[in-house]
1. Given +1 on the Cβ of Lys and Arg, -1 on the Cβ of Asp and Glu, and no further charges, what dipole in debye does the chain carry about its Cα centre, rounded to the nearest 20?
2. Once the dipole of the chain is set up with Lys and Arg at +1 and Asp and Glu at -1 on Cβ about the Cα centre, which of PRO485, ILE109, ALA379 lies farthest towards its positive end?
3. So which lysines pass the test for LYS372, namely a Cα distance under 29 Å, with those fewer than 8 places away in the same chain ruled out?
4. So what's the angle, to the nearest 10 degrees on a 0 to 90 scale, between helix 228-240 and the longest Cα principal axis of the chain?
5. Check the straight Cα-Cα distances from LYS220 and name the aspartates and glutamates below 15 Å, setting aside those fewer than 8 residues away within the same chain.
6. Got a sec? Charge dipole of segment 379-452, +1 on Cβ for Lys and Arg, -1 for Asp and Glu; which of SER407, LEU428, HIS448 is way out at the positive end?
7. Go through LYS308, LYS454 and list them by solvent-accessible area, largest first, probe radius 1.4 Å.
8. Output the Cα-based Rg and Dmax of segment 324-415 in Å, rounding Rg to one decimal and Dmax to a whole number.
Amino acid sequence: MTKIVNHWIGGKTAEGASGTYGPVTDPATGAVTTKVAFATVEEVDAAVAAAKEAFATWGQSSLAQRTSILFRFRALLDEHRDEIAELITAEHGKVHGDALGEVARGLEIVDLACGISVQLKGELSTQVASRVDVASIRQPLGVVAGITPFNFPAMVPMWMFPIAIACGNTFVLKPSEKDPSASIRLAELLAEAGLPDGVFNVVHGDKVAVDRLLEHPDVKAVSFVGSTPIARYIHTTASANGKRVQALGGAKNHMLVLPDADLDAAADAAVSAAYGSAGERCMAISAVVAVGSIGDELVEKIRERAEKIKIGPGDDPASEMGPLITKAHRDKVASYVAGAAAEGADVVLDGTGYTVDGYEDGHWIGISLLDKVPTTAKAYQDEIFGPVLCVLRVDTYDDGVALINSSPFGNGTAIFTRDGGAARRFQLEVEAGMVGVNVPIPVPVGYHSFGGWKDSLFGDHHIYGNDGTHFYTRGKVVTSRWPDPADAPAGVDLGFPRNH
């Protein structure tokens with residue numbers, strides 16, 4: 001019997017009323033294992049209404065109450081991390097170790113939310129004038145929404161909702177319809193931790209659900225992670241409807257390798273960053289820029305390592321890389337490799353014909369490595385979101401930085417070198433929001449914020465960290481003057497000594 005994933009509204013399961021369902025496949029077999037209900041406008045409205053009703057009390061609740069619930073949620077999340085990882089593997093396809101890593105990174109943000117009281121402290125200036133004090137405070141927005149991608153069905157929602165609800169907001173999540181089960185399990189664990197009904201809601205669906213959240217008058221802010229075209233649309237549409245928006249888009253992350261670098265370390269980093277999670281992550285290194293004469297040696301070292309990667313079902317402990325999320329995505333990724341030679345690239349490894357015995361209908365693709373890729377090639381220009389690594393050659397450091405800075409994306413980048421001066425120049429000169437120095441995927445820890453530049457971010461706020469707290473709250477400044485009790489009208493004695 002096919003499993004059905006329904007909505008979560010007002011603290012309980014809400015069966016889909018539209019009669020429309022989307023298929024969820026096991027990427028390793030290609031079989032449809034689950035159907036997910038697609039929300040109507042009315043169902044989205046019901047979720048927002050539940051969140052609005054809950055905000056009336058949750059927004060006034062104490063920090064101690066909110067954080068104590070999050071502490072219990074964190075304990076439950078830790079207890080059930082294997083279970084959540086298994087749900088991710090079954091619907092996304094990533095190997096169990098990658099899925100566990102995703103849950104662990106989400107836990108980092110829950111940790112941050114548990115200590116949110118420090119970030120929510122206000123400021124006070126006393127005696128700015130005679131008996132006048134000025135205080136700055138931060139207050140929650142109300143109902144906020146999150147729209148999240150398929151590649152991290154647990155982690156990316158946890159980049160949003162723990163901080164949002166810790167700040168006193170209520171939340172409506174619209175997760176990817178391709179792997180929806182993890183979001184419902186998170187909702188169940190929040191309820192078990194004691195979160196009041198309506199504070200966290202989940203609606204599944206497609207553009208109908210997304211557009212309703214973007215235009216709903218009771219939704220005050222929208223967080224999004226996904227492709228650049230959709231991020232731009234989310235930002236434009238939600239902003240036009242008067243909402244605060246943080247919309248994180250796509251990437252083409254470059255790794256600059258200087259001639260003095262440890263090439264073994266650089267090759268290890270390139271392989272793990274390019275092919276981990278089958279390349280389906282916005283922080284994947286998809287372009288290596290080799291400076292000077294090291295290109296041939298570096299490419300050979302990458303090839304040697306890439307050929308040894310074990311590809312198979314995500315629930316097989318021997319697998320290091322799983323399948324892609326859907327057959328359509330697999331075919332799109334393969335098309336970039338198929339056309340690379342005609343665009344001037346050397347195809348060092350072609351993984352497009354890869355299959356796994358016994359799983360022939362799975363969404364399989366092997367490792368692909370393209371060398372001497374021209375900047376005009378589509379394999380370089382587009383975000384492929386698969387296990388395809390492009391190597392470009394430049395003569396100098398300056399040429400490499402110019403190449404990176406000419407990209408429309410500015411999410412993350414890295415440099416591999418033994419030269420501290422070169423590394424320092426790079427981190428100041430490169431146009432990207434996150435920089436790694438001898439670190440291939442510079443994803444910040446939870447108490448620093450994540451976000452890119454240029455077409456990789458729309459809106460002013462990065463996600464989680466201090467930016468996350470500021471995004472989910474708004475500032476208020478209070479100027480107050482109180483009369484001195486000694487100046488009370490005659491006949492009223494407050495017991496305060498008259499000393500002037």
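The values are calculated or read from the model by the stated rules, or taken from the named source; none is laboratory data. These numbers were taken from a predicted model, which means no experiment stands behind them. Counting neighbours? That spans all protein chains shown, and the Cβs are built from the backbone with ideal geometry, glycine included. We work out accessible area using only protein heavy atoms, side chains counted, and drop any ligands, DNA or RNA first. Shrake-Rupley method; radii C 1.70, N 1.55, O 1.52, S 1.80 Å.
1. On the way: 43 positive and 62 negative charges, 334 e Å.
Taking the Cα centre of the chain as origin, the dipole is about 1600 debye.
2. Value: PRO485.
3. The qualifying lysines are LYS252, LYS301, LYS308, LYS310, LYS327, LYS332, LYS454.
4. The angle comes out near 20 degrees.
5. The reachable aspartates and glutamates, counting only those whose Cα sits under 15 Å from LYS220, are ASP45, GLU53, ASP211.
6. Looking along the dipole axis, the top candidate is HIS448.
7. Descending order: LYS308, LYS454.
8. Considering segment 324-415 through its Cα atoms, Rg and Dmax are 14.7, 50 Å.
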